[in-house]
Every structure is written in C-alpha cells, then in structure tokens.
Amino acid sequence: MERLVRRRVAGEPLEYVLGWAEFRSLRIEVDPGVFVPRRRSGLLVAEAARRVRAGAIVVDLCCGSGAIGAALATEVPGLQLYASELDPVAVACARRNLGTLGGTVLQGDLFAPLPETLRGRVDLVVANLPYVPTEQIALMPREAREHEARIALDGGPDGLDLHRHAAAAAPDWLAPGGWLIIEAGRQQAPVTAEILAGKGFETMINSDDEIDGTVVIGQA
Ligand code: GLN
C-alpha cells in the first residue's frame, strides 16, 4: 500500500497505480503509458450502441486500452468487433480487455491492419483518435502530459490530423449507410463535421454536458 501511495503522490495517474480504470461499469486494464479511458468517451459508446445490433461489423479505431470496444461489445452482445492500434504497449493491453469478449485486436495505423475482406462491409467505426492540438498538450493535467503516450494525445497543429486521415479512409471500408462516430473537442466538432461532410458523409454533432463529451456522427 505504501508503495502504491508513493507512486500516486509522485504524480502517477491512479489508474496506472491500480492497473485499471472504470469505464461504463467495466474494469478496464491500463498499463503505464496507455491512454486512460475517459468518462466522456461513454458518449461514443452510447451513440454507437443505438446504431448496431448482433452480427454487425464494428471497428474501434486507435483503440488504446480497448475500453470503447469492450463497453460496446458488452452493451450489444454478438458484434463482430475489430480494434486497431499503433502502439504495441496499448495493443497488448487491448488484447487482454477484448480477448474474452471475442474482439480481434490488430496492430497498425488506422484501417491499414484490417483484413481486406472487410472493405466495404463495416457497419460502424467508433474512434477516439488523438485530437489535442500539439501546443495544447502542455496545458493538459500532469497525469496526461507526463504519463500518457504522446502518440495517444497529439493530433497535430489543430488537433484534427487524424480526423482528416480517418475521414478520408473510412468511406472505402464502410458499408453503404454505415456510420463513423468520432470524439472531438467541443470547439473542434464543427470543423470535424465539415471534414466528414467533405468526404460525402451526412453529419450531426451530439454533446452530453454531464460527462463533457462531444461526438461527431457521420453516415456514409
Ligand atoms: N482532451 C482529451 C481528453 O483528455 C484528449 C483525448 C484524445 O486526444 N483522444 O479527454
């Protein structure tokens, strides 16, 4: 106990000290460096859950610990869930969180590691991509800026580099009428919506003030 308290006092995120974070009532394992699931990302799960049912093909893009996919797979049993992630440390973590739920975790950049057979057949993509503008990382809480992998936070100059990449690549993978749901900052959301609209998506923005969450929802 003393050892754990010392780590927390030294500034390590509580979730790393304990080894897990609560997300949508699940215990999600988080290893040091892996993005800690945020309560606000529950909005991604809620919006995704109402748009899919058993049998649907779902992709959790840049899945980190796999928290979003794990919650979705728990709330909508029977999904065919794929999760992709670039950071090998996070991949290992996601495999533990998604393994028992039947999810497949693939290592690679965005859609690149997905099997070719999924092209044009994905029903829904859910994505909490890194979206912090590079210069604003310095303003994040110490737990985040000093302990979470930078690759999980840094979204480039305006924070939307990954939103642009995902919006450009998603139409190829989605089935007609398929969904792309992306978490965004409240100020960024209209820009993300424009990016999606520019790739042919019908878009809407939804916010939940209680958990300070905002998502941009696009339909192909
Ligand atoms: N500001 C966001 C958060 O801490 C950053 C999340 C992200 O880049 N995906 O929740």
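Loop-located chymotrypsin sites (Phe, Trp or Tyr not before Pro) in the range 14-86 (DSSP state other than H, G, I, E, B) with a sparse environment of at most 14 neighbouring Cβ atoms within 10 Å are absent. Per-residue Cβ neighbour counts within 10 Å put I137, I181, I57 in the sequence I137, I57, I181, beginning with the fewest.
Since only L114, H163, A73 are under comparison, the one whose Cα sits farthest along the positive direction of the charge dipole of the chain, derived from C-beta charges on Lys, Arg, Asp and Glu, is A73. Distance from the C-alpha centroid of the range 179-220 to that of the range 83-120: 23 Å, rounded to the whole angstrom.
Applying 1/(1 + (r/R0)^6) with R0 = 45 Å to the Cβ-Cβ distance of V17 and A168 gives a FRET efficiency near 0.70. Histogrammed with a bin width of 5 Å, the alpha carbon distances of the range 1-152 distribute as 2, 10, 19, 22, 20, 13, 8, 4, 2, 1, 0 percent, first bin at zero.
Normalising the Debye intensity of the range 70-197 to I(0), with uniform scatterers on Cα atoms only, and taking log10 at q = 0.09, 0.10, 0.13, 0.21 Å⁻¹ returns -0.28, -0.34, -0.59, -1.38. Please work out the C-alpha center-to-center distance from the range 125-166 to the range 6-77 and express it in whole Å. Using only Cα atoms to place each centre, the spacing works out to 17 Å. What the phi angles of the range 186-193 give under the Karplus curve with 6.51, -1.76 and 1.60, with θ = phi - 60°, is a coupling list of 4, 6, 7, 3, x, 6, 4, 4 Hz, glycine and proline written as x. Sorted largest first, the spans of the alpha carbon positions of the range 105-173 along the three principal axes are 42, 23, 16 Å. Taking the chain as a Gaussian network, where each spring joins two C-alpha atoms under 10 Å apart, which residue of P88, P141, P130 fluctuates the most? Most flexible of the set in this elastic network: P141.
A short reminder: the numbers here are calculations on the coordinates, not readings from a lab. Note that the structure is a prediction, hence the values are computed from the model and not measured. Counting neighbours? That spans all protein chains shown, and the Cβs are built from the backbone with ideal geometry, glycine included.
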